[in-house]
Structure formats: structure tokens, C-alpha cells
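Chemist: The structure under discussion is supplied below as C-alpha cells; questions concerning it will follow.
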Amino acid sequence: MAILLILVPLAFLLGLACLAAFLWALNTGQFDDLDDPAIRIFQPEDDE
Amino acid sequence: MSRAVDFRCFAREEADRVSLYMQVEGMHCASCAWKIEQSLQAHPGVEARVNFSTQRLRISWPKTLDAGAANDNANQFADEVEALGFHVAPFDAESRLQASKAEERDLLSCLAVAGFATCAIMLFVDPLWFLPARAVTGATRDLMYWMMSLIALPATIWSGRPFFRSAWQALTHGRTNMDVPISLAVIMANALSVYETVTHGRYVYFDASIMLLFFLLIGRYLDLKARGKAREAAEGLLAMLEGTATVVDGERTVSVRIRDLAPGQHLLVAAGEKIAADGLILTGESDIDTQLVTGETLPRTAGPGERLYAGMINRSAPLLIEVSAAADDSLLSEIVGLMEKAERSQGPYVRLADRLAGLYAPVVHGLALATFVGWMIYGALHGAMIWEDALLKAVAVLIITCPCAIGLAVPVVHVLASSRLFKRGILLKSAKGLEAMARIDRVVFDKTGTLTEGTPRWMNPDVLTGENRRIAIAMARQSQHPLSQAIARGGAIGEVPGMVVTDHPGKGLKAVVGKDLVWMGKASWLGVPASGDAQMELWFQRAQGPAIRLLFADAVRADARQVIVGLRARGLTLSMLSGDRDQVAQKVAMDLGISDVRSGLSPVDKVAAVEAMMAEGHRVLMVGDGLNDAAALSAASVSMSPASGVDVTQTAADFVYRDQGLSPILTTYDTARAAQRLVRQNVWISLAYNLIAVPVAVLGLATPLIAAVAMSTSSLVVVLNALRLGRVSRL
């Protein structure tokens, strides 16, 4: 059972890391527009 | 009173009234909108209209009105709305977009935190549930409880904000809503769990309460997504007033925003441009495409002195127009006004979820209170019960009466249904659309552009043969006129070398081929006597040869007959309302087998016809594409418009479809029926679940394990049931 003392905090910290990564992505606008980037390739280039 | 925004700057004067647009935040249901309107209209002469899907409020009042604060009606009204518990801001499309983005982000972060906390707490809860009771006791259990509370409390405070805020807003303004019982359950569950932890008690409810938040947030997020789509579509109307127009100012021309156009200004409209404002033609003569405004298939020729309306398209030659009405007084705005009036006369539509929410709060609170009082009495009689135990049992009732069917299952069904429709080119715009669609018993069609293609087709191509036909097609290619385009579509490619074509707007085309002159155009231009019937026609004449009559008709859409048979097979009655002449309308209706036909109707007549049907107790689906249908679309229970229709009808319609044919009507109807079935099943499932779970909780048998398992299974069952939508009906 002693392994729990390592595994539970480990799982907890990994989860926390994922949450932090997600919140970072959210706050830098990664989820603001999920539709346009996929079709951006069809837009004519601005530069020559 | 000091304020961040002075609303006087945003008020606009029009004739003897002043009007003001505001963005209202914090409206959650149609009754909020109704409350705002009622409160403002208590002032004599004030008109207030709230558009719930765009969250916009329009107030207008007479210039002479004095509503309280001296000469400061705008701010006075803003304060009144604020006093009702809503936040107002000047209308601004850009800030609106930013605000909804921020709201979505915020909800997503709540969802992420709640999801993480749910998983993390599971880590601690699992050993408590599944290990033998004596394995986790004393200090070990206390440690686990403390860890759980350390995760649960911050997570609840963060993720619960949307619920707490809305519940607080409702309570402080003497209202109640769905979020009140939710907040109460979550707060009490956490408070009691902390109390249990401190006093080394047996049970904590951290897991059940954070899981409840997690599931409800999923529902909230899906709901926001669905509503966001509707709002985007509705804001298309504003875009119509966003563009610019070219104004002639003395010697030079300047670009002016359409909404800033004023009567008396001279507007230059190039060929191919949309006419930006109502006005009179000063100089120039051109073909005007009026289809979107009046529903006529053919453009008509207009010259100096004639009146044009915003939304018409100038086809062939530049025109100089004197603006007769500002954007806010134009025909377009009048029709928008008619639309809003029609919408209002319908009364706010109460969605199933809102109706359930109204029932839910009192019942659940009553049950919890009864549980508490009941156990207190029981304790007093037996001298064994302490008040904490009674409270614990009452909280268990609050937690276990899971509002998942309303909070989660309904949005899941709606999002699945709308994405399913979206894949088939049908955009669901309004939140009520699906529910209303499932209940219709009558379908009303517009003719031009809806049942018919809206573009003429060449009916007798055989009258021209050989070189004449090649010449006609080559000439027709040079023109944008709908009849020319019909000819151009009707033949093989063939070059006519050395042909020179000139366009005579309003008359026809003239070409020089070798030594021959060729005319193609109106009977009067070619000097042919006018024929008696009402058919669309062109005349063709080469050199001294005979004048040949080319006939055109607005063809019925290819799948119209099939769709109409399908609708009838589903037990719906059909009608047609047309602005076109009786002769033409009757012929189309006969072709399709629609017996109830009304023709020659103005936009107002169309609204009246639809309202009369509704007054008889029918639930009407209106399908239309023209500006003249827009108000009737709003008056109907539910409405559809093709994507080829004018912006206003797309704004008014609950569904917009992209298809060339009419089959989307069948698809939408069938999907809405399937969705309604699933929502009903989900409500029954959760009701059945509550019938079992609530007595268990009331009797005090609900341990945290039972609460958590019951809650997640009930959520899972309703979501899985909703997912069947993908398989129910194969369309």
C-alpha cells in the first residue's frame, strides 16, 4: 500500500500539470476560433 | 449619479422621437426580456423591444417625454434596466463579440477545473469505497478527507461561479431560477463535508458536489455554443446597414456609411450594386432587380422619378438617386419593425427546459425542507436525532435530485441535432426552433424562389434552329438580364465570329453579324404587337426575317412535388401565399397539388394570413425567401429560409438551408421530431430516477457512494440516450 504514497501524489501532480497546460492554451486564445484555421489554406496570400 | 457611460451620446433623433440601442447582459430567458419591456413601457409613449437572441434592446420615446431626471431620458432608462438586475452597455458589435468570447473562455476554464477536480477527488474516494471498511480508518481517513477538501473547495469556488453569480442575481432581485437550488446544494454539501472532516465524521460529499458541477457545466457550455451560432446569424441584419455607399457631393464623390445616409443626399449606384437606401431616381435608366423586395421574377425598367427601395439591385446602368429616407426609416427598417411586432404578438415562447426549471426549484426545496423537518420531529419523538443528522439528510435530498435531464440532456440533444442538420447544410438559428418544428401541423410556402427556382427557364428552345440559335445564345451571354441568362443556359457553346453586341437597357440586345442586324428584346422595341397572355417572353428577329417569340417560365423546383407528397404523408396541411398574380400562382399550385392558394398578397397580408391560421390554433411552419416574407416568417411558429434569400429573411427564419431543393424541410422536420422524442424520453428517465432516488434520500439512506453513483449513472443514461439521435432516423 505504501506505493499509494507515491502514485497518488504523482497522479495528482500530472493532472495538475495537464490542467495548467489547458488553462494556458485557453488564455492564449488557442480555443477562440476552431473553424477558420482549417480553411485558411484556401485564402489567397496577402504577399506576392 | 456618476456613470461610466453617458447613454445620451448614443441616442439618435428621428423625426419627433428619440431612439437608443443597448446591449443587455444577464438575460437568461424570455421572461427577463418581457420584464424589461413591461417596465420601460410603463412610461407613456415609450416603446421598448428586446431581441432575446441578439440580447439587444431598442427604446424609443417622444422628444417631449420627461421620464424623471431632467432632459436625461437615455440615462434614466439605462438606470431602470440596471435596477431590474441586468447590465446595459451601448450597442457595439465588436465589444459584443469580445464579451461572448470571454464568456466562452471563462466557462471552458470552469469546465476544465471541475473536470480535473472530479478526477483528482476520485483518486481519494475510490479507496474509501472499495477497500474493506477497517482498512481506511482514523487518521488515514481524516488525511484523505483533508486532501479532498483542499482540492474540492478551491475548485468549487472557481467552477461554481457561473451558478453562484446567476443565483445571487436572481435572489437579490426577488426572482428564482434553476441556479438557486444548484448553488444551495453545492454550498451546503461542501460546508457539511468540511464540518464532517473537522469532527472526524463518517461521510463527505465532496465528490458528488464537484461531479454535479462538472456535468452541469458541460450542459452550460453546449448551450452557449448553440446560442452563439444563433446570435452570429441574427447579427447578419446589422451587417446590411454596415456597408458604405457612394454619395455625390458637389463636384466630388465620397464614401459614406449606409447608416449615416440622410434624406436629400445624392447617391451614385453603379451597375451591379445593391441600392443602399430608399429614394427617387434623378438621372439614368436601368433594369432593377426587385426580386428580393417584391418577389417578382423579372427585373423591371426604371427611369427618372421612379421610387426604389433599399435591397433592390441595379442591374444594367449607373443611376443617380436622391435619398428619401434615412436607413432607419427605410422600407427595410419598416419590415424589420413589422417582424418585431409579429414576434411580440406571439408572446414569449417558453422552452421545455425553462418550464421544467420553474417546477423544479419549489419542489426540490419543499422536499428538502420536509425532510429536515420530518427528521427533526422524528428525532424529538425518539430523543436520538441531532440537528446535524437531519440537515445532512436534507442536503442529500438537494444533491441527489439531479437536474441533469434539464441541465445536460436537453442541450446535448439540441447540439447533436443542430450539428446533424448542419452537416446537411441546414443551420439551426434559434433555440426554440427544434421544439417548435416538432409540433407543427401546417406548412405555408412562398412561391417565387421557394417552391419555384426564382429564375426563369427557356421553355421553347426549339423555335430557334441552326445559326439563329447560336447567335441568340452568344448574344444572351453578353447580358446579365435573367431572361438572357436563361437563354445562355439553354444551349451548346458556339462562337459567332465578328459579332458585335450592344445592350439597350430596358429594351433588349442588338447585334451586328456580318451584314445582318439582329434584335432580341421586348415586343414594343421590335415593333411587334403585344400578346394578351401573361407569359414571360422575348422576341428575336434577324434582318428582315420574321419575329420569333421565345417563352420563359419560372420552373418549379425539381424535388418540390416529392417533398410536398412527403409532407402530406406526415399528416401536415399545406398552403401557398404568393405576392405574384393569381394566374401564375394558381398554375404553380395546381402543378404541385396545393389546394389552399392565396395570391397578390402584400407583406402585411401575408402576416395577417399566417396570424389568422395561428389564431385558429394551428402551429405553422412558414418557408420563404423574399423581403416580403420576412414579417410572415416571424409571425409563424417556426420558419425556414433558403440561403439564397435576402439577409432579412435569413435573420427572421429559425432555420436557414443551403440546398437547391426543398428536401431540407423534410430532413429538418424528421430530425426535430426525433430530437423531441429523445428529450421527452430523457425527462421521463430522470423523473423515474428521481422517483427512486428521492425516497432513498428522504429516508436518510443515501450515503455519498449512492449519491455519486446515482448521479453519474443518471447523467450517463440521458447522454447515451441523446446519442441515439445519430441512429434513430436514417434520412
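Chemist: State which residue is farthest from the chain's Cα centre (by Cα) when the search covers only region B:504-527 and only residues that are more than 18 Å from B:S316 (Cβ to Cβ) and buried (at least 16 other Cβ atoms within 10 Å of the Cβ).
Modeler: Keep residues of region B:504-527 that are more than 18 Å from B:S316 (Cβ to Cβ), which gives B:512-518, B:523, B:526-527.
The next check asks that each one be buried (at least 16 other Cβ atoms within 10 Å of the Cβ); those that pass are B:513, B:518, B:523, B:526.
On the way: B:V513: 54, B:V518: 51, B:A523: 46, B:L526: 50 Å.
Per the criteria, the residue is B:V513.
Chemist: With B:A245, B:A310 as the choices, which residue is assigned to a strand (DSSP E or B), modelled with pLDDT under 80 and touching a helix residue (DSSP H, G or I) at 6+ places or on another chain (Cβ under 9 Å)?
Modeler: The unique qualifying residue is B:A245.
Chemist: Give region B:36-51 a look and list any residue that's of a type in the set (A, V, I, L, M) and within 18 Å of B:Y21 (Cβ to Cβ), or say none.
Modeler: B:I36, B:L40, B:V46, B:A48, B:V50
Chemist: Restrict the check to region B:217-237 and report whether at least one residue is surrounded by 15 or more Cβ atoms within 10 Å (Cβ to Cβ), among the aliphatic types (A, V, I, L, M) and at pLDDT 85 or above.
Modeler: yes
Chemist: Enumerate the strands (runs of 3 or more DSSP E) found wholly within region B:514-573, keeping only those where 2 or more residues are in contact with an Asp or Glu (Cβ under 6 Å, 6 or more places away or on another chain).
Modeler: Answer list for region B:514-573: B:548-556.
Chemist: Regarding A:I41, is this residue part of a helix (DSSP H, G or I), exposed (fewer than 10 other Cβ atoms within 10 Å of the Cβ), more than 9 Å from every other protein chain (Cβ to nearest Cβ) and at pLDDT 80 or above?
Modeler: Working: part of a helix (DSSP H, G or I): yes; exposed (fewer than 10 other Cβ atoms within 10 Å of the Cβ): yes; more than 9 Å from every other protein chain (Cβ to nearest Cβ): yes; at pLDDT 80 or above: no.
Here the answer is no, as A:I41 does not meet what is asked.
Chemist: I've got another one for you. Please go through (1) more than 10 Å from chain B (Cβ to nearest Cβ); (2) at pLDDT 80 or above; (3) over 13 Å from the mean Cα position of the chain (by Cα) for A:A11 and return the number of the only condition it doesn't satisfy.
Modeler: Tallying (1) more than 10 Å from chain B (Cβ to nearest Cβ); (2) at pLDDT 80 or above; (3) over 13 Å from the mean Cα position of the chain (by Cα), A:A11 fails exactly one: (1).
Chemist: Filter region B:174-186 down to residues that are in a helix (DSSP H, G or I) and among the hydrophobic types (A, V, I, L, M, F, W, C) and give me whichever is surrounded by the fewest Cβ atoms within 10 Å (Cβ to Cβ).
Modeler: B:L184
Chemist: Here is a list: B:L150, B:L171, B:L143, B:L107. Which entry is buried (at least 17 other Cβ atoms within 10 Å of the Cβ) and more than 10 Å from chain A (Cβ to nearest Cβ)?
Modeler: Exactly one of B:L150, B:L171, B:L143, B:L107 is buried (at least 17 other Cβ atoms within 10 Å of the Cβ) and more than 10 Å from chain A (Cβ to nearest Cβ), namely B:L107.
Chemist: May I ask you to say which residue of B:A114, B:A155, B:A120, B:A139 is within 20 Å of B:F215 (Cα to Cα), at pLDDT 75 or above and over 37 Å from the mean Cα position of the chain (by Cα)?
Modeler: Details: B:A114 fails: over 37 Å from the mean Cα position of the chain (by Cα); B:A155 fails: over 37 Å from the mean Cα position of the chain (by Cα); B:A139 fails: within 20 Å of B:F215 (Cα to Cα).
Testing whether each residue is within 20 Å of B:F215 (Cα to Cα), at pLDDT 75 or above and over 37 Å from the mean Cα position of the chain (by Cα) leaves just B:A120.
Chemist: Would you please list the contacts, defined by Cβ atoms under 8 Å and residues six or more apart or on different chains, that run from a residue in region A:18-38 that is more than 10 Å from chain B (Cβ to nearest Cβ) and surrounded by 10 or more Cβ atoms within 10 Å (Cβ to Cβ) to a residue that is outside any loop (DSSP other than H, G, I, E, B) and not aromatic (F, W, Y)?
Modeler: As it stands, the answer is none, since no pair meets every condition given.
Chemist: Does B:G295 satisfy the condition of being surrounded by 23 or more Cβ atoms within 10 Å (Cβ to Cβ), modelled with pLDDT of 85 or more and under 35 Å from the mean Cα position of the chain (by Cα)?
Modeler: In short, no.
Chemist: Assess whether B:A78 counts as being touching a strand residue (DSSP E or B) at 6+ places or on another chain (Cβ under 9 Å), modelled with pLDDT of 75 or more and in a helix (DSSP H, G or I).
Modeler: Yes; evaluated as a whole, the condition is true for this residue.
Chemist: Between residues in region B:171-185 that are in contact (Cβ under 8 Å) with a residue 60 or more places away in the chain and residues that are part of a helix (DSSP H, G or I) and of a type in the set (S, T, Y), which pairs lie under 8 Å by C-beta distance while being six or more apart or on different chains?
Modeler: Partner pairs satisfying both residue conditions: B:N177/B:S166; B:M178/B:Y360; B:P181/B:Y360; B:A185/B:S209.
Chemist: If you don't mind, there's one more thing I want to ask. Please find, within region B:419-439, the residue that is nearest to B:L216 (Cα to Cα) out of those that are part of a helix (DSSP H, G or I) and at pLDDT below 80.
Modeler: Only one residue tops the list, namely B:S419.
Chemist: Between B:S599, B:S578, which is in contact with a helix residue (DSSP H, G or I) (Cβ under 6 Å, 6 or more places away or on another chain) and surrounded by fewer than 22 Cβ atoms within 10 Å (Cβ to Cβ)?
Modeler: Working: B:S578 fails: surrounded by fewer than 22 Cβ atoms within 10 Å (Cβ to Cβ).
Going through B:S599, B:S578 in turn, the sole match is B:S599.
Residue by residue, here is whether (1) within 30 Å of B:D659 (Cβ to Cβ); (2) surrounded by fewer than 19 Cβ atoms within 10 Å (Cβ to Cβ) holds:
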position: B:R442; (1), (2): yes, no
position: B:L451; (1), (2): yes, no
position: B:P461; (1), (2): yes, yes
position: B:A472; (1), (2): no, no
position: B:T502; (1), (2): no, yes
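Chemist: Could you please let me know if B:D654 is crowded, with 19+ Cβ neighbours inside 10 Å, in contact (Cβ under 8 Å) with a residue 60 or more places away in the chain and within 25 Å of the chain's Cα centre (by Cα)? Quick ask: steps written out before the conclusion?
Modeler: Details: crowded, with 19+ Cβ neighbours inside 10 Å: yes; in contact (Cβ under 8 Å) with a residue 60 or more places away in the chain: yes; within 25 Å of the chain's Cα centre (by Cα): yes.
Considered against the rule, which asks whether it is crowded, with 19+ Cβ neighbours inside 10 Å, in contact (Cβ under 8 Å) with a residue 60 or more places away in the chain and within 25 Å of the chain's Cα centre (by Cα), B:D654 comes out as yes.
The values are calculated or read from the model by the stated rules, or taken from the named source; none is laboratory data. Keep in mind it's a predicted model, so treat the numbers as computed, not measured. Virtual Cβ from ideal backbone geometry, glycine too; neighbours counted across all protein chains shown.
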